[in-house]
1. In whole Å, what three semi-axes, largest first, describe the equivalent ellipsoid of the stretch 3-130 built from its Cα gyration tensor (square root of 5 times each eigenvalue)?
2. Which lysines, if any, have their Cα less than 24 Å from the Cα of Lys528, not counting same-chain residues under 8 positions apart?
3. Going by accessible area, probe 1.4 Å, with all protein chains left in place, what is the ranking of Val613, Val344, largest first?
4. Taking the mean number of other Cβ atoms within 10 Å as a proxy for protection, how do you rank 193-203, 167-177, 140-150, 417-427 from highest to lowest?
5. What is the Cα coordinate range of the stretch 34-105 on the first, second and third principal axes, sorted by size from largest, in whole angstrom?
6. Which translational diffusion coefficient, to the nearest whole µm²/s, is obtained for the chain from the Stokes-Einstein equation, given a Kirkwood hydrodynamic radius over C-alpha pairs, 25 °C and 0.890 mPa s?
7. So, in Å, what gap is there between the alpha-carbon centers of the stretch 288-334 and the stretch 598-646?
8. Between Glu309 and Leu435, what FRET efficiency comes out of the Förster formula 1/(1 + (r/R0)^6) with R0 = 35 Å and r the beta carbon distance, rounded to 0.05?
Amino acid sequence: MKEDDFYKPLEQFADIRILRYRVEGFEELPLPTKKLIYYLSRAALSGRDIIYDQNGKFNLLIRRTLETIYTTFRGKRDSDDFREFKTYLKRIWFANGVYHHYSNDKFLPGFSEQYFRKLMAESSPSALPEQPQKLLEIILPVLFNPEVFPKKVDFTPDRDKLLHSAVNFYEKVTETEALEYYRTLLEHAGERPASVGLNSKLVKEDGQLKEYVWKAGGMYDKAIVEVMYWLKKAMEEAPPEQKEIIGTLISFYSSGDLALFDHYNILWVKETSQPVDFINGFIETYNDPLGFKGTWESVVHILDAEATERTRILAAHAQWFEDHSPVDERFKKETVTGISARTVNVCMLGGDCHPATPIGINLPNSDWIRKEHGSKSVTLKNITEAYHYASLQDGFLEEFAASEEEVDLIKKYGLLADNLHTDMHECLGHGSGQLLPGVRPDALMQYHSVIEEARADLYALYFMYHPKIFNLGLLPHPDAARAEYMAYIRAGLFTQLVRVEYGKPIEEAHMRNRALIARWCFEQGKKKGIIRRYSKGGKTYFAVQNFDGLHELFGILLAEIQRIKSEGDFRAAQNLVETYGVHVERSLHAEVLERYKKLNLAPYSGFVNPTYVPVLDEDGRIKDVRILYKESFAEQMMGYSQQLSFL
Ligand code: ZN
């Protein structure tokens, strides 16, 4: 299959498009590694029902009802109403419930309540999860009444966040009661507190608070037992370095004891020698308005040796970069150490990480474990890659790039150059430079993060076009750096405005930083014609005309930004950010939004997982694991619902 076809979105509905990711080199892995990935993947999928239930008490009931209709409805399937019904079901699959995965707002069906009753009446009642009349009573208000639990998580001030959030972490418990309850538990917890409340639902019954713990024999028993079953298989297959880690996680699931979870995290964070690694558990707490409860998720991944080697090279030469950076000697660090990051490829996504997924993960979350034992940070390369290849086919680049040559260079080098930019930003940029004695780290106040991001970006941009990069073998050709220059300038000058509402200024720190750099270079380079602005057929374009000149400007601005940070020059920071990073040229903004709208793109993406199929020998033992990329989104979701309905 051609690369282009593999990464073409499988489908688009509502504000979502569905992509695939590829597990490069899986076929060539040794059998034990394949089996380990297979078992960890089964564990990653087995907790799927937990996330539906956590996201809202009625989600599982709703999903099953809709899936029954989807498979047994006898009426007309080729109608606008039924298409709306399918879209609604797909949105539920995508969000693991009836709340938008990003905004947290409840989304409503694009068909009427009356039509839903018809769907129910003409579907097979024996397959429904409840008696139809009772079912309608429970789910109709949730589906159709916008007033009934409108938000998964409600952060509105001055009202009880627990009573108003649909998330299924608390029941009949007020915010004050829950805070009081956990404060008491934490009072005598000492220096190394367990993550209290992380793995339980807090309920008030007969005036008493009670925790239902998510563990084997507790709440979510059947799903957790299934996760444990596959973890045990994985433990048997795992290399010696990882057996105890997996074993400790199994003990945690079996007992619910949070001290074991801490112990597991400490073992997990220290183990960095093995290629296959995983996240599996109640992890992120941002779905709990109070920040105690962990949402269930899993990611299985394998090290990308080549990309990890790139960050190792950067880190090993960190001192060279510092010594040769264009900033004043007083602002340089005498000894600087780069950070070597692990770049991985995802093998399986589960729970809250699927179908929508992060592109980087930094864990564990416990503060004292991070302080005493460190944290593990990974970037998910094949996910970024899938986004990149999909974006090359959606018309965005052709619409906004200044020339065909620019399109070609970005198609050829864009991904490599962008990855290198990110690596240099993270591994070198943030760690470079020093404050002058007596300067407070918070001197730049509200401008701190924009200046800091600009500093790291400029460090990457400046050195990207430096001969050293080619000497180290990090880029094959200066054209790769040129591709990054063009893409960066284009985004900063105008295309990133597609994410800003018309009439609003730029708010987000990374966007402000890009606008600041691109516009400053545009203005400063005007006399030399470094970036040209022109209009063709009523459309605005920006073309980089002089790459050496732009490289030089990046160096000058880096020196100034470093000075601002090192001296804590608040006024200069304010002046730069307010002049170049905030305001939007109204007519250009309107034009960009108009051109973007015509492309008809979905702002959110998610993934179908690959399928792993064990091949058995005559004695029923696994002799190989095959990887397949054949399922459509609906096939995968229905397949999971049939195989993994444990709750
Ligand atoms: Zn940064």
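The values are calculated or read from the model by the stated rules, or taken from the named source; none is laboratory data. These numbers were taken from a predicted model, which means no experiment stands behind them. Backbone-built Cβ (ideal geometry, glycine too); neighbour counts: all protein chains shown. Note: accessible area is taken over every heavy atom of the protein model, side chains too, but ligands, DNA and RNA are not part of it. Shrake-Rupley method; radii C 1.70, N 1.55, O 1.52, S 1.80 Å.
1. Values: eigenvalues 208, 70, 49 Å².
The equivalent ellipsoid of the stretch 3-130 has semi-axes of 32, 19, 16 Å.
2. Leaving aside lysines fewer than 8 places away in the same chain, those within reach of Lys528 are Lys536, Lys539.
3. Numbers: Val613 55, Val344 0 Å².
Sorted descending by solvent-accessible area, the residues read Val613, Val344.
4. Values: 193-203: 20.3, 167-177: 17.9, 140-150: 14.5, 417-427: 21.8.
Result, highest mean first: 417-427, 193-203, 167-177, 140-150.
5. Cα extents, longest axis first: 45, 29, 19 Å.
6. On the way: Rh = 27.2 Å.
The estimated diffusion coefficient comes to 90 µm²/s.
7. Going from one Cα centre to the other spans 32 Å.
8. Numbers: r = 32 Å, r/R0 = 0.93.
Using R0 = 35 Å, I get an efficiency of 0.60.
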